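Working notes, beginning with the structure itself.
The values are calculated or read from the model by the stated rules, or taken from the named source; none is laboratory data. Source: prediction; values computed, not measured. Virtual Cβ from ideal backbone geometry, glycine too; neighbours counted across all protein chains shown.
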Amino acid sequence: MARVLIVYQSKHGQTEKIAKCIRDRMTEQGHAVELMNASHKLPVAFSNYDGVIVGAPVYMRSYPNDIYKWVLFHSDNLNKKPSAFFSVCMAVMQKDERTQKDLVMIAENFFHKTGWYPKRRKAFAGAVMFSRYNWFVKVIMKWIASRAGEKLDAHRDYEFTKWADVVRFSDDFARGLSARKDLGQDHVTR
(Lines give C-alpha, C1' and ligand atoms only; values in the text may rest on other atoms or scores of the structure.)
Protein backbone atom coordinates (compact mmCIF):
# COMPACT_ATOMS: atom_id res chain seq x y z
CA MET A 1 0.00 0.00 0.00
CA ALA A 2 1.30 3.45 -0.96
CA ARG A 3 0.50 6.79 0.63
CA VAL A 4 -0.32 9.38 -2.03
CA LEU A 5 -1.06 13.09 -1.96
CA ILE A 6 -3.07 14.57 -4.82
CA VAL A 7 -2.90 18.35 -5.02
CA TYR A 8 -5.09 20.14 -7.52
CA GLN A 9 -6.61 23.45 -8.45
CA SER A 10 -9.82 23.60 -10.42
CA LYS A 11 -11.40 26.50 -12.27
CA HIS A 12 -14.84 25.11 -13.17
CA GLY A 13 -14.75 21.72 -11.41
CA GLN A 14 -13.43 19.24 -14.00
CA THR A 15 -9.87 19.11 -12.63
CA GLU A 16 -11.28 18.39 -9.18
CA LYS A 17 -13.51 15.67 -10.66
CA ILE A 18 -10.47 14.06 -12.33
CA ALA A 19 -8.45 14.30 -9.09
CA LYS A 20 -11.28 12.58 -7.23
CA CYS A 21 -11.45 9.85 -9.87
CA ILE A 22 -7.72 9.18 -9.40
CA ARG A 23 -8.18 9.17 -5.62
CA ASP A 24 -11.11 6.77 -5.82
CA ARG A 25 -9.26 4.44 -8.19
CA MET A 26 -6.17 4.32 -5.98
CA THR A 27 -8.26 3.88 -2.83
CA GLU A 28 -10.04 0.91 -4.43
CA GLN A 29 -6.60 -0.63 -4.94
CA GLY A 30 -5.80 -0.27 -1.24
CA HIS A 31 -3.69 2.90 -1.31
CA ALA A 32 -4.11 5.68 1.26
CA VAL A 33 -4.83 8.85 -0.72
CA GLU A 34 -5.27 12.40 0.50
CA LEU A 35 -6.78 15.09 -1.72
CA MET A 36 -5.81 18.74 -1.25
CA ASN A 37 -6.90 21.90 -3.04
CA ALA A 38 -3.81 24.09 -3.62
CA SER A 39 -5.95 27.18 -2.99
CA HIS A 40 -6.36 26.19 0.65
CA LYS A 41 -2.62 26.66 1.32
CA LEU A 42 -2.37 23.91 3.93
CA PRO A 43 1.03 22.76 5.24
CA VAL A 44 2.34 19.49 3.81
CA ALA A 45 4.53 16.90 5.53
CA PHE A 46 6.08 15.21 2.50
CA SER A 47 7.54 12.48 4.69
CA ASN A 48 3.96 11.19 5.10
CA TYR A 49 3.68 10.34 1.38
CA ASP A 50 5.28 7.88 -1.01
CA GLY A 51 4.25 9.91 -4.05
CA VAL A 52 2.51 13.09 -5.15
CA ILE A 53 0.23 13.87 -8.08
CA VAL A 54 -0.49 17.47 -9.06
CA GLY A 55 -3.31 18.52 -11.36
CA ALA A 56 -4.34 21.85 -12.87
CA PRO A 57 -6.37 23.27 -15.73
CA VAL A 58 -4.88 25.28 -18.56
CA TYR A 59 -6.66 28.60 -18.51
CA MET A 60 -5.69 31.51 -20.75
CA ARG A 61 -2.45 29.73 -21.81
CA SER A 62 -1.19 29.06 -18.27
CA TYR A 63 -1.97 27.27 -15.04
CA PRO A 64 -3.74 28.97 -12.12
CA ASN A 65 -1.62 31.07 -9.79
CA ASP A 66 -2.24 29.04 -6.61
CA ILE A 67 -0.99 25.80 -8.19
CA TYR A 68 2.01 27.65 -9.61
CA LYS A 69 2.88 29.05 -6.18
CA TRP A 70 2.32 25.68 -4.48
CA VAL A 71 4.58 23.79 -6.90
CA LEU A 72 7.23 26.53 -6.81
CA PHE A 73 7.30 26.45 -3.00
CA HIS A 74 7.43 22.62 -2.87
CA SER A 75 9.53 21.86 -5.97
CA ASP A 76 12.50 20.50 -4.00
CA ASN A 77 10.27 18.01 -2.18
CA LEU A 78 8.40 17.13 -5.37
CA ASN A 79 11.67 16.36 -7.16
CA LYS A 80 12.67 13.99 -4.33
CA LYS A 81 9.48 11.92 -4.51
CA PRO A 82 7.86 9.97 -7.29
CA SER A 83 5.52 12.56 -8.73
CA ALA A 84 3.20 13.06 -11.66
CA PHE A 85 1.37 15.96 -13.25
CA PHE A 86 -1.90 16.09 -15.13
CA SER A 87 -3.38 19.07 -16.88
CA VAL A 88 -6.89 19.60 -18.09
CA CYS A 89 -7.47 21.50 -21.30
CA MET A 90 -10.01 21.47 -24.09
CA ALA A 91 -7.28 22.20 -26.63
CA VAL A 92 -6.15 18.57 -26.14
CA MET A 93 -8.95 17.70 -28.56
CA GLN A 94 -7.39 19.79 -31.32
CA LYS A 95 -5.09 17.54 -33.27
CA ASP A 96 -3.22 20.17 -35.29
CA GLU A 97 0.53 20.24 -34.73
CA ARG A 98 0.68 23.90 -33.69
CA THR A 99 -1.86 23.47 -30.88
CA GLN A 100 -0.15 20.33 -29.61
CA LYS A 101 3.23 22.09 -29.57
CA ASP A 102 1.62 25.00 -27.76
CA LEU A 103 0.28 22.69 -25.04
CA VAL A 104 3.71 21.14 -24.56
CA MET A 105 5.26 24.62 -24.36
CA ILE A 106 2.74 25.74 -21.70
CA ALA A 107 3.65 22.72 -19.55
CA GLU A 108 7.39 23.04 -20.17
CA ASN A 109 7.30 26.74 -19.19
CA PHE A 110 5.50 25.78 -15.99
CA PHE A 111 8.09 23.13 -15.14
CA HIS A 112 10.98 25.42 -16.00
CA LYS A 113 9.62 28.31 -13.89
CA THR A 114 8.83 26.10 -10.90
CA GLY A 115 11.91 23.85 -11.09
CA TRP A 116 9.80 20.70 -10.86
CA TYR A 117 10.27 17.95 -13.43
CA PRO A 118 7.78 15.09 -12.96
CA LYS A 119 8.48 11.90 -14.89
CA ARG A 120 4.80 11.18 -15.52
CA ARG A 121 2.76 13.82 -17.33
CA LYS A 122 -0.62 13.64 -18.99
CA ALA A 123 -3.07 16.12 -20.51
CA PHE A 124 -6.77 15.29 -20.40
CA ALA A 125 -9.60 16.92 -22.27
CA GLY A 126 -11.91 18.59 -19.82
CA ALA A 127 -15.50 19.66 -19.93
CA VAL A 128 -17.40 22.59 -21.36
CA MET A 129 -19.69 23.80 -18.61
CA PHE A 130 -21.70 26.54 -20.29
CA SER A 131 -23.97 26.72 -17.25
CA ARG A 132 -21.00 28.00 -15.18
CA TYR A 133 -19.47 30.45 -17.67
CA ASN A 134 -19.89 34.15 -18.23
CA TRP A 135 -20.50 35.41 -21.76
CA PHE A 136 -16.80 35.88 -22.57
CA VAL A 137 -15.80 32.37 -21.48
CA LYS A 138 -18.72 30.89 -23.42
CA VAL A 139 -17.46 32.54 -26.62
CA ILE A 140 -13.90 31.29 -26.06
CA MET A 141 -15.03 27.75 -25.26
CA LYS A 142 -17.27 27.59 -28.33
CA TRP A 143 -14.32 28.75 -30.44
CA ILE A 144 -11.95 26.15 -28.94
CA ALA A 145 -14.53 23.39 -29.43
CA SER A 146 -15.16 24.44 -33.03
CA ARG A 147 -11.40 24.22 -33.75
CA ALA A 148 -11.59 20.62 -32.51
CA GLY A 149 -14.52 19.95 -34.86
CA GLU A 150 -17.21 20.11 -32.17
CA LYS A 151 -20.40 22.15 -32.63
CA LEU A 152 -21.72 22.86 -29.16
CA ASP A 153 -25.03 24.19 -27.94
CA ALA A 154 -24.34 26.94 -25.36
CA HIS A 155 -27.48 25.88 -23.47
CA ARG A 156 -26.05 22.61 -22.20
CA ASP A 157 -22.87 21.22 -20.62
CA TYR A 158 -20.47 18.70 -22.21
CA GLU A 159 -17.86 16.38 -20.80
CA PHE A 160 -14.94 15.28 -23.01
CA THR A 161 -12.66 13.65 -20.44
CA LYS A 162 -11.72 10.10 -21.45
CA TRP A 163 -12.11 8.36 -18.11
CA ALA A 164 -10.27 5.23 -19.29
CA ASP A 165 -7.21 7.45 -19.81
CA VAL A 166 -7.57 8.84 -16.28
CA VAL A 167 -7.74 5.31 -14.86
CA ARG A 168 -4.69 4.27 -16.91
CA PHE A 169 -2.74 7.31 -15.62
CA SER A 170 -3.71 6.44 -12.04
CA ASP A 171 -2.83 2.76 -12.46
CA ASP A 172 0.55 3.57 -14.05
CA PHE A 173 1.46 5.87 -11.17
CA ALA A 174 0.34 3.31 -8.56
CA ARG A 175 2.31 0.54 -10.30
CA GLY A 176 5.42 2.73 -10.23
CA LEU A 177 5.01 3.32 -6.49
CA SER A 178 4.45 -0.38 -5.83
CA ALA A 179 7.56 -1.30 -7.83
CA ARG A 180 9.65 1.17 -5.78
CA LYS A 181 8.30 -0.27 -2.52
CA ASP A 182 9.00 -3.82 -3.75
CA LEU A 183 12.59 -2.79 -4.44
CA GLY A 184 12.87 -1.14 -1.03
CA GLN A 185 13.22 2.32 -2.58
CA ASP A 186 10.19 3.97 -1.01
CA HIS A 187 12.28 6.60 0.77
CA VAL A 188 15.13 6.97 -1.70
CA THR A 189 15.44 10.27 -3.52
CA ARG A 190 16.05 10.35 -7.23
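Determine if the range 88-103 includes at least one residue that is under 28 Å from residue 178 (Cα atoms) and touching a helix residue (DSSP H, G or I) at 6+ places or on another chain (Cβ under 9 Å).
Yes, the range 88-103 has at least one match.
If a residue has to be within 30 Å of residue 137 (Cβ to Cβ) and either surrounded by 15 or more Cβ atoms within 10 Å (Cβ to Cβ) or among the small types (Gly, Ala, Ser) (or both) to count, how many in the range 158-181 make the cut?
Residues that pass the stated criteria total 8.
If you scan the range 78-89, which residues turn out to be assigned to a helix (DSSP H, G or I) and touching a Lys or Arg at 6+ places or on another chain (Cβ under 9 Å)?
79, 80
Looking at the range 134-151 only, could you name the residues that are at pLDDT below 90 and either in a loop (DSSP other than H, G, I, E, B) or out of contact with any Leu (no Cβ under 9 Å at 6 or more places or on another chain) (or both)?
Selection gives 137, 140, 143, 144, 147, 148, 149, 150, 151.
Per-residue answers, yes or no, for (1) without any contact (Cβ under 8 Å) to a residue 40 or more places away in the chain; (2) under 30 Å from residue 128 (Cβ atoms); (3) assigned to a helix (DSSP H, G or I); (4) small (Gly, Ala, Ser):
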residue: 27; (1), (2), (3), (4): yes, yes, yes, no
residue: 35; (1), (2), (3), (4): yes, yes, no, no
residue: 39; (1), (2), (3), (4): yes, yes, yes, yes
residue: 44; (1), (2), (3), (4): yes, no, no, no
residue: 47; (1), (2), (3), (4): yes, no, yes, yes
residue: 55; (1), (2), (3), (4): no, yes, no, yes
residue: 66; (1), (2), (3), (4): no, yes, yes, no
residue: 71; (1), (2), (3), (4): no, yes, yes, no
residue: 76; (1), (2), (3), (4): yes, no, yes, no
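What are the pairs, 6+ residues apart or on separate chains, where a residue within the range 78-104 that is more than 20 Å from residue 6 (Cβ to Cβ) has its Cβ under 6 Å from a residue that is of a type in the set (D, E, K, R)?
Final answer for the pair search is 94/147.
What are the residues in the range 80-113 that are surrounded by fewer than 17 Cβ atoms within 10 Å (Cβ to Cβ) and touching a Leu at 6+ places or on another chain (Cβ under 9 Å), if any?
113
Exactly one of these conditions fails for residue 155: (1) in a loop (DSSP other than H, G, I, E, B); (2) in contact with a Ser or Thr (Cβ under 7 Å, 6 or more places away or on another chain). Give me its number.
Of (1) in a loop (DSSP other than H, G, I, E, B); (2) in contact with a Ser or Thr (Cβ under 7 Å, 6 or more places away or on another chain), only one is false for residue 155: (2).
For the structure I just gave you, tell me whether residue 145 is at negative phi and free of Cβ contacts under 8 Å to residues at least 24 places away in the same chain.
For residue 145, the condition - at negative phi and free of Cβ contacts under 8 Å to residues at least 24 places away in the same chain - is not met.
Please count how many residues of the range 152-173 are modelled with pLDDT under 95 and closer than 30 Å to residue 2 by Cβ.
We begin by selecting, within the range 152-173, every residue modelled with pLDDT under 95; these are 152-160.
Subsequent filtering for residues that are closer than 30 Å to residue 2 by Cβ retains 159-160.
Selection size over the range 152-173: 2.
Please indicate, with yes or no, whether at least one residue in the range 99-109 is touching a Pro at 6+ places or on another chain (Cβ under 8 Å), under 30 Å from residue 146 (Cα atoms) and outside any strand (DSSP E or B).
From the range 99-109, those touching a Pro at 6+ places or on another chain (Cβ under 8 Å) are none; that's our starting set.
There is no residue in the range 99-109 that is touching a Pro at 6+ places or on another chain (Cβ under 8 Å), under 30 Å from residue 146 (Cα atoms) and outside any strand (DSSP E or B).
Name the residues in the range 117-141 that are without any contact (Cβ under 8 Å) to a residue 24 or more places away in the chain and under 18 Å from residue 61 (Cβ atoms), would you?
136, 137, 139, 140
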